[in-house]
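Presented below is the structure to which this report refers.
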Amino acid sequence: MVYGGFWWGQVGLSLSLVTGMSFGIVIDYTVHFMSKYLRAKREQGMMPEDAVRYAFRTVGQALLITTMILVIGFGILGDVNILFQRRDGADDSNDYSSCVCRRISPAPTIITKNRG
């Protein structure tokens with residue numbers, strides 16, 4: 001969502017900061033989910049479907065709670081009168097809320113389809 005500035009040619013300090021933070025959050029979420037998935041599969045010998053359920057049971061709640069906290073916090077920041085902070089807060093809030101839906105939700109389907 002917020003990466004559109006790269007294609008529109010309007011990359012400023014706010015967009016570059018949001019992009020860096022967003023990539024970091026997406027990578028962090030993915031690493032946490034995949035590490036729990038692989039642990040369940042390797043150490044506990046679970047099938048891929050069961051390992052995905054285990055990963056969501058152990059990490060899913062923490063990912064959702066941290067996402068909600070980030071969305072609320074940056075949503076509040078998006079309501080200030082300083083233009084840079086308003087853009088940064090609004091962009092971060094939108095990006096983090098869509099991160100779970102667009103990055104984490106397809107993971108179980110991809111994993112179980114590839115039997116990986």
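Throughout, read-outs are computed from the coordinates displayed, never taken from laboratory work. If you're wondering where the values come from, they're calculated on a predicted model, not measured in any experiment.
Numbers below:
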{"item": "Extension gain (nm, one decimal) between Met47 and Ile76, 0.36 nm per residue minus Cα-Cα", "result": "6.2 nm"}
{"item": "Extent along principal axes [Cα atoms of region 31-86; Å; largest to smallest]", "result": "54, 15, 13"}
